[in-house]
Amino acid sequence: MHSSEGGKYGVALNGGQGASFKASGTRFVEGSWSFKWNKKSSARSYRVEVNYHKYEKVGLCSGPPLRWSPHIETGGATENSEGVNRPDWNTYCANVTNGTWARERTDGKDYSYSAAVKFKDVIGIDLSGEKSYSRSHKLSYDIAGSNPKKLCGNNDYPAKAGKIVERKR
């Protein structure tokens, strides 16, 4: 289950006159929705839809360069399995039993991914995405099956990790 109160997404700037886009910081955008993906055993990434606005100079006006900036999380939720490999994190692990587990702590690591916003086909680069966890913005796992399981974090134990994977013990 994914619930969202919003997140930070990359901003892209173009200096004009043939220059290419470059990532230029992030902007927090609102969201207030949740979605529960169906259980699957195959590796997949989850995608959250973010609406971007395009800002341009008009005529001879001297203003900021061409910019793409995030506007709002739309509530759209999809998944992708192409090119997704199961991560090998196996250091920061905790055993779990069948039931529902959720990362809710606010004092842990944020989720971040430098290429989270799939924008390469539009502007030539992908942009970053970052999410902070809280009671209303959490990541949940439904643990099921007869094999004993554990959850492993990428940069800390699951209760504080930015990213988490479920594994057999």
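The values are calculated or read from the model by the stated rules, or taken from the named source; none is laboratory data. Given the structure is predicted, the values throughout are model-derived calculations rather than measurements. Using ideal geometry, Cβ is built from the backbone for each residue, glycine included, and neighbour counts are taken over all protein chains shown. Remember, those area values only see protein heavy atoms, side chains included, never the ligands or the DNA or RNA. Shrake-Rupley method; radii C 1.70, N 1.55, O 1.52, S 1.80 Å.
Numbers at a glance
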| read-out | value |
| --- | --- |
| The chain: relative contact order as a whole-number percent, Cα under 8 Å and 6+ apart | 25 |
| Stretch gain in nm, segment Ser24-Ser81, where the contour uses 0.36 nm per residue and the Cα spacing is subtracted | 17.6 nm |
| Value of [θ]222 nm, deg cm²/dmol, for the chain, DSSP H segments ≥ 4, -39500 (n - 2.57) each, nearest 500 | -500 deg cm²/dmol |
| Charge dipole (debye, nearest 20) of the chain; +1 at Cβ of Lys and Arg, -1 at Cβ of Asp and Glu | 480 |
| Pairwise FRET efficiency - Lys168 versus Tyr113, Cβ, R0 = 35 Å, nearest 0.05 | 0.90 |
| Solvent accessible area, Å² - Leu139, 1.4 Å probe, full protein context | 40 |
| D_trans [Stokes-Einstein, Kirkwood Rh over alpha-carbon pairs] for the stretch 87-168, 37 °C, 0.692 mPa s, µm² s⁻¹ | 237 |
| Evaluated over the chain, the Cα radius of gyration and Dmax, each in Å | 18.5, 67 |
| At most 14 other Cβ within 10 Å, DSSP loop - chymotrypsin sites (Phe, Trp or Tyr not before Pro), the stretch 74-154 | none |
| Phe35 paired with Glu56, simple spin-label distance in nm, labels 7 Å along Cα-to-beta-carbon | 2.9 |
| Distance between the stretch 112-147 and the stretch 23-42 - C-alpha centres, whole angstrom | 6 |
| Local electrostatic count, Gly124, Cβ distance below 13 Å [Lys/Arg +1, Asp/Glu -1] | +1 |
| Spin-label zone in the stretch 19-38 - amide nitrogen under 14 Å from a point set 7 Å from the Cα of Ala94 along the C-beta vector | none |
| Radius 15 Å from Cβ of Ala43, net charge of other residues (Lys, Arg +1; Asp, Glu -1) | +4 |
